[in-house]
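Comments concern the structure below.
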Amino acid sequence: MRIRRTAIAGVLAVAGLITPLTPSAQADTVNPASAPVLRFLSYNICGNWEACSSTADEVTNRVQKVYDETMAWKTDVVLLQEVCRTQFTRLEQKLGSQGYTGSFTVTQTPAGDTSQDLCKDDAVPNAVEGDYGLAVFTKGAITNHQVIDLATGLEKGTERWTTLCVDAPLQGRTTRSCSVHLYSDNTSVAKQQAETLAVAANSWIDKGIPVVLGGDFNPRYSGGQANAPLSPVLDSFYSHSGGTGRFTEADETDTSRFTAACSSLNRPAGHCRSGAPTLMTKAPDPEAKLDYIFLSRNHFKNVAGDALPQISSVSDHYAYRGAATWSFCNNPDDGMADMLRRDAAGDLWRHFGRSNGVLDPVPCKVGAGMSDLRLIGRGVDHDGGGEDLYSINSTGDLLFHPGHTSELFFSTPQKVGWGWQAASALNSSADMNADGIADLLVAFDNGDLYLVPGKGDGRVDAKIRIGQGWDIYDTVLAPGDVTGDGKADVIARDKAGALFVYPGTGTGTLGTRAQIGHGWQIYHTVFAPGDVNGDGKPDLLARDDAGTLQFYAGSGKQNGNATFAAMVKSGSGISSTDLVR
């Protein structure tokens, strides 16, 4: 929405029509720690609204607000409307220090501004006006940008009606993200602009390009602002309820926001053309949803969205957050184990296993906010709901992360133990004591090795010591059955690089060790993700100090011992600071 800075605003203020209102409760606040891992932020920061005077502190307020929300949300793409070039320049510096790159396009210049105060610092004597427009910031490098002309010739004024689109890798996959601002004074004109944008976006989707459209769409609807998502302006984007588009809107699955008007339409279950309001307006509809994040439905799923409370010193709009996952990042059930990697930022990534042992170089992000986890054990279903994780955090708590039955991400962790500060290795093991329930295998700094029986629901029983003197090893793994006798085994590497197998007995104890390798000290990390190549035998992966990943295919029992095939390069660029499992 755009409100020109004229005397009209002063009249409205006197009349009490733009008195600040209390925003409604945020019904679906999305937790950054558990929201889907592709993150978007759209914000009309009101570069030309009367209530946000163009003073130095106003620029600071807006820049800081955008920066704070970008960091808190762990945002991948930031889409800004009604932004002054001075604000963009400050943001480019501030966000650039965090790995973001930006693009800006001018939609209004001082030459076309009749108010003589466009992006002007009112506190500075003889201050000059500045450019005003749209901006996009992406986490990582922008590889291309283009400006789409939406003008119909029917718009009033001198503002250029365009959309700014950029290409940038979104967690490894090139995506086209566009900052959108449609005409506000005439629904018919805004609808034509939307149709022009949709034609361009659909052509990109036809080429296989994921598309994100975010911004101030300025929809108007005869049924009142509460039903703004039903506006014909948005029919070119919504894929249901009268819409002919190919997108999913970030907040259309929030059932607490479903209205009677949208619920009465022919719509897919769990979806409605509705959502949290994003604008503080005037009576009788004190709030309206003018801002949207549309995601191409061929490429994105598991959408979520919410609007943050309005900050009147920044904008009449609310910062609007959207989240999703990639549509192809689901559980393929292909029989091939994947590698999990927790990076220095605390994000969790899944690298898909392939039949040749070479991991897919483009991973799926499946978690965030995991910086506090010191150890991770994975690979086994402990509660009947899919692959789960266990972890130990910096304070020694044992956490259970339930896996999703059909997705690749993990639910909010549950605390199932404490006092594990001295643990040096954590493994999620197949059933080691023949009770039909997966267990944990944990080594401690003092050399004790414990079996921790599972209860079948993520909780664990008291640990049982099954070994001592294991501090001679710097790596302890629970790969499954590597000896071919149907019983879960243990592999350990000593500090000289010798590799040993301890055959499982099936009763919760281990047999006599046998050496199965040497020279493994060349690797920074050795780990056992499971059956990477899908041949039914557990495999090993090893990472050297340079970040190169080697694959060792399990060969099964031979001459009474487990053996592994010659190494195959499986990947590279895996930082030694990343926790891999």
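Details
- Output for the stretch 243-264, where each listed residue is modelled with pLDDT under 95 and in contact with a helix residue (DSSP H, G or I) (Cβ under 8 Å, 6 or more places away or on another chain): THR259, ALA261, CYS262
- Residue that is surrounded by the most Cβ atoms within 10 Å (Cβ to Cβ), among those in the stretch 423-448 that are over 33 Å from the mean Cα position of the chain (by Cα), at negative phi and at pLDDT below 95: MET432
- For the stretch 380-432, the tally of residues that are among the aromatic types (Phe, Trp, Tyr) and within 18 Å of ASN446 (Cα to Cα) stands at 2.
- Any hit, the stretch 215-223, residues being surrounded by fewer than 24 Cβ atoms within 10 Å (Cβ to Cβ) and either in contact (Cβ under 8 Å) with a residue 60 or more places away in the chain or under 20 Å from HIS299 (Cα atoms) (or both): no
- Annotation note: of ASN433, ASN427, ASN393, the sole residue that is of a type outside the set (Gly, Ala, Ser), touching a strand residue (DSSP E or B) at 6+ places or on another chain (Cβ under 8 Å), in the same structural domain as LEU540 (by TED's automatic domain parsing) and more than 22 Å from ARG465 (Cβ to Cβ) is ASN393.
- The residues of the stretch 449-462 that are modelled with pLDDT under 95 and in contact with a Phe, Trp or Tyr (Cβ under 7 Å, 6 or more places away or on another chain) amount to a single one, GLY458.
- Residues in the stretch 191-218 that are assigned to a loop (DSSP other than H, G, I, E, B) and either modelled with pLDDT under 95 or polar (S, T, N, Q) (or both): 1 in all.
- If you filter the stretch 410-422 down to residues that are closer than 24 Å to GLY504 by Cβ and outside any loop (DSSP other than H, G, I, E, B), you find that the one that is nearest to the chain's Cα centre (by Cα) is VAL416.
- Yes/no for THR89 being closer than 22 Å to SER42 by Cβ, outside the structural domain of LYS365 (by TED's automatic domain parsing), modelled with pLDDT of 85 or more and in contact with a Leu (Cβ under 6 Å, 6 or more places away or on another chain): no
- VAL147 under 18 Å from PHE300 (Cα atoms) and either in the same structural domain as PRO110 (by TED's automatic domain parsing) or crowded, with 24+ Cβ neighbours inside 10 Å (or both): no
- Residue in the stretch 104-121 that is surrounded by fewer than 23 Cβ atoms within 10 Å (Cβ to Cβ), in contact with a strand residue (DSSP E or B) (Cβ under 8 Å, 6 or more places away or on another chain), modelled with pLDDT of 95 or more and not in a strand (DSSP E or B) present: no
- Leading residue by the ranking (farthest from the chain's Cα centre (by Cα)) among those in the stretch 481-519 that are of a type in the set (D, E, K, R) and more than 18 Å from GLN468 (Cα to Cα): ASP485
- One residue from THR525, THR577, THR507 being touching a Lys or Arg at 6+ places or on another chain (Cβ under 8 Å) and either touching a residue at least 40 places away in the same chain (Cβ under 8 Å) or over 23 Å from MET370 (Cα atoms) (or both): THR525
- Only strands (runs of 3 or more DSSP E) whose full extent lies in the stretch 474-558 are considered here, and the ones with at least 1 residues that are buried (at least 22 other Cβ atoms within 10 Å of the Cβ) are 489-494, 499-502, 523-530, 539-544, 549-552, 554-558.
- Scanning the stretch 452-462 for residues that are of a type outside the set (Gly, Ala, Ser) and crowded, with 21+ Cβ neighbours inside 10 Å yields a single hit, VAL452.
The values are calculated or read from the model by the stated rules, or taken from the named source; none is laboratory data. Given the structure is predicted, the values throughout are model-derived calculations rather than measurements. Cβ atoms come from the backbone with ideal geometry, glycine included; neighbour counts cover every protein chain shown.
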